[in-house]
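A quick write-up on the structure given underneath.
The values are calculated or read from the model by the stated rules, or taken from the named source; none is laboratory data. The shown structure was predicted, so the numbers you read here are calculated from the model rather than taken from an experiment. Cβ placement follows ideal geometry from the backbone for every residue including glycine, while neighbour counts extend to all protein chains displayed. SASA here: full protein model, heavy atoms, side chains in, ligands and nucleic acids out. Shrake-Rupley method; radii C 1.70, N 1.55, O 1.52, S 1.80 Å.
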Amino acid sequence: MDPIDIITNAGAYISFSQVAIVAIGLVIGTIVGVLPGLGPLLGVTLAIPFTFHMGPVAGLALLIGIYQGGSYGGAISATLLGIPGTPLAAATLLDAYPMARAGRASEAVSLATVASWIGGIIGGIILLFFAPLLAAIAIKFGPAEKLGLALLGLTAIATLSQGSTVKGLLSGALGLLLATVGIDPFTSIGRFNLGLTSLTGGLTFVSLLVGLFAISEVLIQIETGARAWDASSRVGFNIRVMKTIATDFFGYLRASITGVFIGVIPGIGGVTSSFLAYKLAKDFSKTPESFGKGEPKGVIATESANS
């Protein structure tokens, strides 16, 4: 549909009923996103049967709300528990969780909220006016371009590795090895599945995240007796975070544009865009050593990109 037609018929999309449906979807999606192991895609899948008797605009509004809420909800558990509720929040955890441990949980959650909001608005505006152009670029993205993007992602390991770059590269090599488990997409022959039917589909991202972050964090907290944040304190919205819209607007814009261009490529998604946006934020920062230790710009980059 032409952008002019969309603007002309805007009343059909911003009516009270449609806004209410989006709000309901956001609440449901946030709840789904907070729960580790679930995610926005599962929330959308479960909600599809409820849209059968809804109009097309209302049905899409509900699904979009659930997806956006799920994308944001994962940041809450990543911040407060050190466990990403969704794979999209894996990069957010790198700085949001240290902020929570330092007593800045409200600031971290507020940054994630504002960044998701701005990222969604900027992404929506870009798609509204440039969707046909982006679609034309996306269908030209072939194996060679995807290989180049994959190599770019591997080079990001060296930048994001804390301490030893060699350990980071070894972790990346281990990740590539684990990615080969399952059915070969070209020959349909099982690889490294040890003859187990349960490994036929490979190692899922959710299982890896729960194992790497959830179980390890639970064991650490049991051993040390420490918690990510004081459960008796109230985590609300930090209004001072709104100042970052003016002071770091370029960071919001850069990450949102990164998310749009990575997101339109088939088979890539928000996880890749959030890590690449995090890398760009670190490269452009005057204090890159602060990333991974509770840097607000890291939260801004990841949450703006994955929205």
*asked:* Please go through segment 33-80 and give me each residue that is more than 21 Å from GLY269 (Cα to Cα) and in a loop (DSSP other than H, G, I, E, B), ordered by number.
replied: PHE52, HIS53, MET54, GLY55
*For residues in segment 266-301 being part of a helix (DSSP H, G or I) and without any contact (Cβ under 8 Å) to a residue 12 or more places away in the chain, which is least open to solvent (accessible area, probe 1.4 Å)?*
SER290
_For VAL181: the one exception among (1) closer than 29 Å to GLY33 by Cα; (2) open to solvent by 60 Å² or more (accessible area, probe 1.4 Å); (3) touching a helix residue (DSSP H, G or I) at 6+ places or on another chain (Cβ under 7 Å)_ = (2)
*From the set of residues in segment 220-240 that are touching an Asp or Glu at 6+ places or on another chain (Cβ under 9 Å) and open to solvent by less than 80 Å² (accessible area, probe 1.4 Å), which is modelled with the highest pLDDT?*
ASN238
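What number of residues within segment 250-265 are part of a helix (DSSP H, G or I), hydrophobic (A, V, I, L, M, F, W, C) and closer than 22 Å to LEU133 by Cα?
Number of matching residues: 6.
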*Would you point out which residue out of LEU80, LEU60 is more than 30 Å from LEU203 (Cβ to Cβ), out of contact with any strand residue (DSSP E or B) (no Cβ under 9 Å at 6 or more places or on another chain) and open to solvent by 20 Å² or more (accessible area, probe 1.4 Å)?*
LEU60
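Taking the condition of being over 17 Å from SER71 (Cβ atoms) and crowded, with 24+ Cβ neighbours inside 10 Å, how many residues in segment 100-119 meet it?
2
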_Quick test for you: out of ALA150, ALA131, pick the one residue that is within 30 Å of LEU169 (Cβ to Cβ), part of a helix (DSSP H, G or I) and open to solvent by 20 Å² or more (accessible area, probe 1.4 Å)._
ALA150
*Inspect segment 184-200 for any residue being modelled with pLDDT of 70 or more and touching an Asp or Glu at 6+ places or on another chain (Cβ under 9 Å) and give the result as yes or no.*
yes
*Residue pairs meeting the criteria (Cβ under 9 Å; at least 6 apart or on separate chains; first within 20 Å of SER15 (Cβ to Cβ), in segment 33-58; second loosely packed, with under 15 Cβ neighbours inside 10 Å and of a type outside the set (Gly, Ala, Ser))*: VAL57/TYR13
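Return the residue satisfying two criteria in turn: it lies in segment 241-258 and is crowded, with 21+ Cβ neighbours inside 10 Å and out of contact with any Gly (no Cβ under 9 Å at 6 or more places or on another chain), and of such residues it is modelled with the lowest pLDDT.
VAL241
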